[in-house]
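The values are calculated or read from the model by the stated rules, or taken from the named source; none is laboratory data. Because the structure is predicted, anything quoted here is derived from the model rather than measured. Here the Cβ positions follow ideal geometry from the backbone for every residue, glycine too, while neighbour counts run over all protein chains shown. Surface accessibility is based on the protein's heavy atoms, side chains included, excluding ligands, DNA and RNA. Shrake-Rupley method; radii C 1.70, N 1.55, O 1.52, S 1.80 Å.
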Amino acid sequence: FLEHSLSHFQTQVLPKCAPEMSLTQQELEAIAKEKIQIFKEFITAEPPAQKGEDLLELWHQLNDDTFNSAVIQTVTGPSDNAENEVFPYEKLYAILGDGGNWKWPRIWRRFDELERRGCAYRPDEPLSLGLPNSNPNIVPQKVLIVGGGPVGLRLAIALKLGGHQVTVFEKRREKRNEKNELQQLGFTNRINRPHVFHFLRNDLDRLNGKDFMSSKMCYPVFTQADTSSIGIDELQMLLLKNALLLGVDFRLGVTYEDADVVLDEKTQKPRWQVKCSYDEAAAAFHGMPLEGFATFDVLMGCDGARSRVRESQPEIFGEVDKRNFKKMIGVVANVQKVSRKRLKELGFKDGLEPTDMKRAHLSSGSMSGLNYYKASYHNYAIFTPSKEDLERAGFSGSIYSFQEGRAAKQPKAEEKARLKQWVLERCKEVGIPVDTNLSNDGFVDAPNDVMAFDFSEIWKCKKNFAFNLPPLDYDAEQSGPWRGKSLTPPIGLVGDAVTEPFWIAGVGLQRGWNGIMDACYIIDNLYNMAFSEDPGKASWNSHLQKLQGLLPTLYDCSHDGRMTREGLVGEHSDQGVVMTQLNKQLKDCEKPQWQLDVDPHTRYEPLAKLVQDKYKGARILENVHPVVQKTLALRKLPESGVFCAKKLLSLNGKSMATDDQDCCLKPDSKKLDSKPQDVPAPPAPPLIPEAEVLTSASNRAANLQNMLSKHIDLHVKQSGTRKGFNDELWKELPSQGSFAEMTETQWEVMTEKHLSAMQRAELLHMRNMKSSLQQQIASLQQSLHAFERAEKELLMTAQPLQEL
């Protein structure tokens, strides 16, 4: 009792009685100066120099007690970590401002422009741009995501923007011995480079990809056309920065073991009681035991092909479907960069690396596929020879296991050496530079040097999401225990945990990103009765049936890649709804980026057709598309006052010393350690006599009147010479039908709805051929520019030969 009374006095009574302390500007500058340096290291951290563990260490230095104590002003009152939560980046912005860096205001604005949903949306917030909440009926859930790979991190970001409480468990912590030799792979040690689709590139740009990655690392992501790629480690580092700045609780060194269903006695709501284990470092940092339990509303498995979440719930996900594919092996190689001097010695006369490749090549009498991507610090190649071809070369075939490759299990030394030699021969055939004089024969360090995977057998889960919930207002004291079907808290799988990735086709990230948005859509609408067509009459059972009935459709669309044409291309069509509406509102309007949205009706062609009548024919201008609404709202924004830092109210329990703090920091503000200089006011202009002003105004008015009169006379003369109405240009309406029907017919022609399935296939083939030719032309132009630069450099730098 005494301890409780003392604690109450110290935390509740004493602060109210003591005089409020103020934070001086000097104290704020000292704190900001320290944080600015850490934040600079945070946003510039990237592989191979830094790993995920290094980035988390920098974040822990930023996210200390001082940072957590910050209180900023919002439209709903002072921020509070429990009742009025703000994103961590908003606190950083209020403390650091632009940090004396021209990029930082752009970084903050990118975060501000991310769409909030549910309780993360503030209706009177200037950042909302006056637009409605896309889903005001979201009930925030406590979500556990198992796996800190690209899919798990992107899912965490999307859920956090919907107001959910998100925790990520990632067990893989890198371990090295005293000689700095790798003993255990970390979660950002994979350097393979998946293909980046256009819509994915837009998404990474939206998430500060061009500012959180160096220009050298951005080049293969944002400047290439059909060969755009990104390293798994690079993608994870980019997404981890975003996730941390948006408040995701990322827990490294925590392993998911198992999960059981527990029911709330009063509401009967089912939850997941998760059994987890902490390694020693994680247990010490979080103050947790090595083994324990935690409760979550939703459980999401993003833990890869050997998903522990899937394996722990066989009664939900069932047996995995397997089918034999054509015999195909994927041989992955990561080779070191070669210096320009060495490139010339190896036969590359211009000293430049070859351009990226996606083609087939003839090798040892058989045809093999090849993908070759240049990265910032290494180059990546994947060959797809036949299994017989490799066996003829002396391979046993025992190492070709996808799971073993993912687990970084090393084959025998002799087998690995033969595989490396085979890769060197293929690289020489196709012109990929490898310097065998470098360490590890020109390959990067193991285990990422060379690997082989067997794609002869493909598997996928029968379903990827399940749930069965009682209504929110269910009361067991009044209605008794639940008597319906067995209750299941929401559980899902996304990414490689659902379907074995097929690297050859390069669709892993496409499936993963669509699966992310599908999972968010389901979780957002778990308790949203407005999801039904008639929410006033819909029962809870009908709501569940409709939401559960959508799951197979979303699964099939994601797995089969049934995206809209605009989604596959990554931009809005010139004749599409968005550009048609924008061109009516603005002249020469720049195309907004096509972005993935949580709503599947904007991403999948079968679902988009269900809502196309909303924008069909004359109705295209009646219903304004959400993308058009946001684009117009951004164009109408004032130059300042919207995308600016929120006002800092207190830090470390001390309120700001002045109330006139400028919260909108300008991009050209000086560094915190510079001293302000007194700038003399400019001299006042001389006064002009009133009589001179009146005379000048009268003369200008007379000149304007004369000019208008001349233009009116000229217009009258020209109108007199014009011909009358031309009857030949008159077109009578058809005897059958109406003008509206004729307009609908012309609209069908414009939108290609009148074509048969065969005609549409032929049209798509012609467009694909056209796109392929355009990409080839662009690639040839890049090669031409490269040769022109090399020619110019040779002419400018060549030294004249000395006479003997």
Original post:
Just checking, which of E791, E741 is modelled with pLDDT under 65 and either surrounded by 10 or more Cβ atoms within 10 Å (Cβ to Cβ) or assigned to a helix (DSSP H, G or I) (or both)?
Top reply: E741
**OP:** Return a yes/no flag: does the stretch 138-146 have any residue that is in a loop (DSSP other than H, G, I, E, B), closer than 30 Å to E291 by Cβ and more than 20 Å from the chain's Cα centre (by Cα).
**Re:** yes
**OP:** Return the residue satisfying two criteria in turn: it lies in the stretch 147-178 and is part of a strand (DSSP E or B) and polar (S, T, N, Q), and of such residues it is least open to solvent (accessible area, probe 1.4 Å).
**Re:** T167
Original post:
Restricting attention to the stretch 52-63, does a residue exist that is more than 22 Å from the chain's Cα centre (by Cα), surrounded by 14 or more Cβ atoms within 10 Å (Cβ to Cβ) and within 26 Å of P140 (Cα to Cα)?
Top reply: yes
**OP:** Output the qualifying pairs, or none if there are none: Cβ atoms under 8 angstrom, residues six or more apart or on different chains, first residue in the stretch 28-39 and touching a residue at least 60 places away in the same chain (Cβ under 8 Å), second residue assigned to a helix (DSSP H, G or I) and among the β-branched types (V, I, T).
**Re:** L28/I95; I31/T66; I31/I95; A32/I95; K35/I95
**OP:** Within the stretch 594-615, identify whether any single residue is out of contact with any Phe, Trp or Tyr (no Cβ under 8 Å at 6 or more places or on another chain), loosely packed, with under 15 Cβ neighbours inside 10 Å and of a type in the set (A, V, I, L, M), and answer yes or no.
**Re:** yes
Original post:
For T227, are the conditions met, namely being outside any strand (DSSP E or B), farther than 30 Å from R206 by Cβ and either in contact (Cβ under 8 Å) with a residue 60 or more places away in the chain or out of contact with any Asp or Glu (no Cβ under 6 Å at 6 or more places or on another chain) (or both)?
Top reply: no
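So that you can scan it fast, the table gives a plain yes or no per residue for (1) within 22 Å of G130 (Cα to Cα); (2) more than 26 Å from the chain's Cα centre (by Cα); (3) at pLDDT below 90:
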{"position": "S573", "(1), (2), (3)": "no, no, no"}
{"position": "N583", "(1), (2), (3)": "yes, yes, yes"}
{"position": "L607", "(1), (2), (3)": "no, no, no"}
{"position": "K614", "(1), (2), (3)": "no, yes, yes"}
{"position": "E639", "(1), (2), (3)": "yes, yes, yes"}
{"position": "T658", "(1), (2), (3)": "no, yes, yes"}
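Residue-wise test of (1) at pLDDT 95 or above; (2) open to solvent by less than 40 Å² (accessible area, probe 1.4 Å).
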{"site": "Y256", "(1), (2)": "yes, yes"}
{"site": "V262", "(1), (2)": "yes, no"}
{"site": "F296", "(1), (2)": "yes, yes"}
{"site": "A305", "(1), (2)": "no, yes"}
Subject >> Filter result for the condition that a residue is assigned to a helix (DSSP H, G or I), among the β-branched types (V, I, T) and modelled with pLDDT under 95, over I38, I95 >> reply: I95
Subject >> Selection count where residues are assigned to a strand (DSSP E or B) and open to solvent by 50 Å² or more (accessible area, probe 1.4 Å), scope the stretch 179-210 >> reply: 3
Original post:
Exactly one of (1) touching a Phe, Trp or Tyr at 6+ places or on another chain (Cβ under 9 Å); (2) at pLDDT 95 or above; (3) over 23 Å from P140 (Cα atoms) is unmet by K326. Its number?
Top reply: (2)
Original post:
Taking the condition in contact (Cβ under 8 Å) with a residue 12 or more places away in the chain, out of contact with any Leu (no Cβ under 7 Å at 6 or more places or on another chain) and either open to solvent by 50 Å² or more (accessible area, probe 1.4 Å) or of a type in the set (G, A, S) (or both), does L621 pass?
Top reply: yes
Original post:
Within the group R110, R122, which residue is basic (K, R) and either over 19 Å from Q73 (Cβ atoms) or crowded, with 19+ Cβ neighbours inside 10 Å (or both)?
Top reply: R110
Original post:
Considering only the stretch 559-593, how many residues are open to solvent by less than 30 Å² (accessible area, probe 1.4 Å) and within 23 Å of V494 (Cα to Cα)?
Top reply: 5
Original post:
Within the stretch 64-92, can you find the residues that are touching a residue at least 40 places away in the same chain (Cβ under 8 Å), surrounded by 16 or more Cβ atoms within 10 Å (Cβ to Cβ), touching a strand residue (DSSP E or B) at 6+ places or on another chain (Cβ under 8 Å) and assigned to a helix (DSSP H, G or I)?
Top reply: E90
